[in-house]
Amino acid sequence: MNTIPLTLDSCRPTYTVLGGGRGSSCKDGFPVSVLLLNRGPRLYRGTVLQELVKVGFDSIVSIEGLADTPELEAIAARFPQVRFVCLDDKANLGVQMNIGVRESCAPYVLVVWNDMRLATSTLSSRFFDRVVELDAACLVPTLSDQSGSHVPSISHPAQSGSAFRIVQLPPRKDGEKALYPFDACGIYSREKFAMLGGFDWTMSNPYWQKLDFGLRAWLWGESIRYAQALKLNYDSTPPSDDTTPDADYGRFWFKNLAPVYRGDSATLPGSRFWSYLFRARQGLSTAFEEFKAAKTWVAACSYRFKEDAARLADLWDPLA
């Protein structure tokens, strides 16, 4: 597919919802829904949901795969706070994120995986005040591995000549900038997520999807920040990203690194096509189709840009 989605509703996959009426209201002072993403074995599905309900979340969306367990209806009856979204077809991370945020009822959505646990049994009203105060597109958590060591999950851009690099470091200070949400987890503003168009589901590699969302947020004037009070622990080894430039890299590069910002808008110069072609592992026609799709997308979004990637890296101050 060559067309690049412009809105969150560009993809409308079919799915069935079990349990938890969508209209269920979120508690006063607890304006956060949970989006539970699932991977690997689901032996402790009930335990995970029980822990989230115990914290106080009264609105949870769980994205279920094609091979749902027979006891799902029984679990749904036990947890009226949970909406189980059962997909009709296999879906990548971007599709799952977009469905989950759309199905959530609160103004903020906490995205977690089933192999993570909240490191605290309560979330205070002061924490939610901080969420509103930071006014970010996404607030990323402290992530710890099985041994309790902090995962280097805070990403920073760096410009090395003409090359755009990404440096991963452990978190340092509350409110610190992060280029993108590591492992996609964090607290998303539902409004800003929709305004940014959500995740680009036409990519298949989760790494480029996450990085694409993060860079788009910064280039369009939004922010991603570290929330020190939000702590998540992995039950198993933290997953590693495949950062190899693959078929999705061209789309990511044309959308985020290639546009040039001048005056009050961005453009995708024709010269960027030749720069890409010389380094791409694609044929001429495939690369040109990707370039045309990106040029159409950049033109449609040109006034959404507030800077380009080179300026973002040059002026990046992680603690500003």
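The values are calculated or read from the model by the stated rules, or taken from the named source; none is laboratory data. Note that the structure is predicted; figures quoted are calculated from it, not measured. Counting neighbours? That spans all protein chains shown, and the Cβs are built from the backbone with ideal geometry, glycine included. These accessible areas exclude ligands, DNA and RNA; they are computed on the full protein's heavy atoms, side chains included. Shrake-Rupley method; radii C 1.70, N 1.55, O 1.52, S 1.80 Å.
Criterion first (β-branched (V, I, T), on the phi < 0 side of the Ramachandran plot and part of a loop (DSSP other than H, G, I, E, B)) does T286 satisfy it?
Details: β-branched (V, I, T): yes; on the phi < 0 side of the Ramachandran plot: yes; part of a loop (DSSP other than H, G, I, E, B): no.
Criteria not met by T286.
Here is a yes/no grid of residues against (1) at pLDDT 95 or above; (2) under 27 Å from R172 (Cβ atoms); (3) open to solvent by 10 Å² or more (accessible area, probe 1.4 Å); (4) in contact with a helix residue (DSSP H, G or I) (Cβ under 6 Å, 6 or more places away or on another chain):
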{"position": "G221", "(1), (2), (3), (4)": "yes, yes, yes, no"}
{"position": "A229", "(1), (2), (3), (4)": "no, yes, yes, yes"}
{"position": "E289", "(1), (2), (3), (4)": "no, no, yes, no"}
{"position": "A293", "(1), (2), (3), (4)": "yes, no, yes, no"}
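Test W297 against the stated conditions and say whether it is out of contact with any helix residue (DSSP H, G or I) (no Cβ under 6 Å at 6 or more places or on another chain) and either among the acidic types (D, E) or surrounded by fewer than 20 Cβ atoms within 10 Å (Cβ to Cβ) (or both). Show your work before the answer.
Details: out of contact with any helix residue (DSSP H, G or I) (no Cβ under 6 Å at 6 or more places or on another chain): yes; either among the acidic types (D, E) or surrounded by fewer than 20 Cβ atoms within 10 Å (Cβ to Cβ) (or both): no.
The answer is no for W297.
Kindly provide the set of residues from region 100-151 that are among the aliphatic types (A, V, I, L, M) and free of Cβ contacts under 8 Å to residues at least 24 places away in the same chain, ordered by number.
Passing the criteria: only V132.
Any residue at all in region 258-279 that is closer than 23 Å to S10 by Cα, within 21 Å of the chain's Cα centre (by Cα) and open to solvent by less than 20 Å² (accessible area, probe 1.4 Å)?
Taking region 258-279 as the starting set, the residues that turn out to be closer than 23 Å to S10 by Cα are 259, 266-268.
Still in the running and within 21 Å of the chain's Cα centre (by Cα): none.
No, region 258-279 contains no residue that is closer than 23 Å to S10 by Cα, within 21 Å of the chain's Cα centre (by Cα) and open to solvent by less than 20 Å² (accessible area, probe 1.4 Å).
What number of residues within region 170-191 satisfy the criterion of being part of a strand (DSSP E or B) and either touching a Phe, Trp or Tyr at 6+ places or on another chain (Cβ under 8 Å) or at pLDDT below 95 (or both)?
So in region 170-191, the residues part of a strand (DSSP E or B) come out as 177, 186-189.
Now narrow it down to the ones that are either touching a Phe, Trp or Tyr at 6+ places or on another chain (Cβ under 8 Å) or at pLDDT below 95 (or both): 177, 187-189.
Qualifying residue count, region 170-191: 4.
Inspect all residues belonging to region 148-161 and state whether any of them is touching a Phe, Trp or Tyr at 6+ places or on another chain (Cβ under 9 Å), in a loop (DSSP other than H, G, I, E, B) and open to solvent by 40 Å² or more (accessible area, probe 1.4 Å).
Yes: one or more hits.
Looking at region 192-206, can you tell me whether even one residue there is part of a helix (DSSP H, G or I), closer than 15 Å to L139 by Cα and open to solvent by 20 Å² or more (accessible area, probe 1.4 Å)?
Initially, region 192-206 is screened for residues part of a helix (DSSP H, G or I), giving 192-195, 206.
Those still in the list that are closer than 15 Å to L139 by Cα too: 192-193.
This time we only want the ones that are open to solvent by 20 Å² or more (accessible area, probe 1.4 Å), so: 192.
Yes, region 192-206 has at least one match.
For F57, work out the one condition from (1) surrounded by 16 or more Cβ atoms within 10 Å (Cβ to Cβ); (2) touching a residue at least 60 places away in the same chain (Cβ under 8 Å) it doesn't fulfil.
In the conditions (1) surrounded by 16 or more Cβ atoms within 10 Å (Cβ to Cβ); (2) touching a residue at least 60 places away in the same chain (Cβ under 8 Å), F57 misses (2) alone.
Identify the residue in region 29-42 that is closer than 15 Å to C105 by Cα and either in a strand (DSSP E or B) or of a type in the set (F, W, Y) (or both) and, among all such residues, is most open to solvent (accessible area, probe 1.4 Å). Break it down into steps so the answer makes sense when it comes.
Residues of region 29-42 closer than 15 Å to C105 by Cα: 29-36.
Remaining after also requiring either in a strand (DSSP E or B) or of a type in the set (F, W, Y) (or both): 30, 32-36.
Numbers: F30: 23, V32: 2, S33: 0, V34: 0, L35: 0, L36: 3 Å².
The extreme case among them is F30.
Of the numbered conditions (1) open to solvent by 10 Å² or more (accessible area, probe 1.4 Å); (2) modelled with pLDDT under 95, F84 satisfies every one except a single condition; which is it?
Going through (1) open to solvent by 10 Å² or more (accessible area, probe 1.4 Å); (2) modelled with pLDDT under 95 one by one, F84 breaks only (1).
Do we have any residue at all in region 112-120 that's under 26 Å from G46 (Cβ atoms), under 13 Å from the mean Cα position of the chain (by Cα) and modelled with pLDDT of 95 or more? I'd like the intermediate steps shown before the answer.
Just the residues of region 112-120 that are under 26 Å from G46 (Cβ atoms), to begin with: 112-120.
Then keep just the ones that are under 13 Å from the mean Cα position of the chain (by Cα); that gives 112-113.
Then keep just the ones that are modelled with pLDDT of 95 or more; that gives 112-113.
Checking region 112-120: at least one residue is under 26 Å from G46 (Cβ atoms), under 13 Å from the mean Cα position of the chain (by Cα) and modelled with pLDDT of 95 or more.
Enumerate the pairs (first residue in region 213-227 and within 15 Å of P318 (Cα to Cα) and in contact (Cβ under 8 Å) with a residue 12 or more places away in the chain; second residue anywhere and part of a strand (DSSP E or B) and among the polar types (S, T, N, Q)) with beta-carbon separation below 8 Å, excluding pairs fewer than 6 apart on the same chain, so at least 6 apart or on different chains.
Correct list of pairs: G214/S155; Y226/T142.
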